[in-house]
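The values are calculated or read from the model by the stated rules, or taken from the named source; none is laboratory data. These numbers come from a predicted model, not from an experiment. Glycine also receives a Cβ, built like all others from the backbone with ideal geometry; neighbour counts cover every protein chain displayed.
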Amino acid sequence: MLGKNWRRFIQAFELYLREIAADCKSDKQHISIFLTVAGREALEIYNTFNFTDEEKDKYEAYCKPKINETYEIFMLRSTRHLKLCLQS
């Protein structure tokens with residue numbers, strides 16, 4: 001669920017940045033806008049990170065979806081099986 005919410009949030013946030021002409025703003029201003037829009041929980045998570053130049057994508061990596069392939073295959077097969085049972 002976090003992964004889907006993250007993708008939707010980033011899409012909405014990027015649209016917002018375009019609307020306010022954020023390309024004229026600095027990276028620090030982008031971060032400030034992001035944390036303001038994302039809310040208190042996001043700020044709390046952000047504050048636990050110690051950023052270096054190589055770690056700027058750490059926040060996004062935290063929020064990206066983690067996929068359990070075994071579970072996804074199981075759900076796909078279960079759905080197919082259920083559809084076949086219902087059609088019989």
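Within segment 49-61, the only residue that satisfies the criterion of being of a type in the set (Ser, Thr, Tyr) and at pLDDT 70 or above is THR52. One residue is enough: does segment 7-20 have a residue meeting the conditions of a type in the set (Val, Ile, Thr), surrounded by 13 or more Cβ atoms within 10 Å (Cβ to Cβ) and either modelled with pLDDT under 85 or assigned to a helix (DSSP H, G or I) (or both)? Scanning segment 7-20 turns up at least one residue that is of a type in the set (Val, Ile, Thr), surrounded by 13 or more Cβ atoms within 10 Å (Cβ to Cβ) and either modelled with pLDDT under 85 or assigned to a helix (DSSP H, G or I) (or both). In this structure, ASN68 qualifies as modelled with pLDDT of 70 or more, within 22 Å of ARG7 (Cα to Cα) and either surrounded by 10 or more Cβ atoms within 10 Å (Cβ to Cβ) or not hydroxyl-bearing (Ser, Thr, Tyr) (or both).
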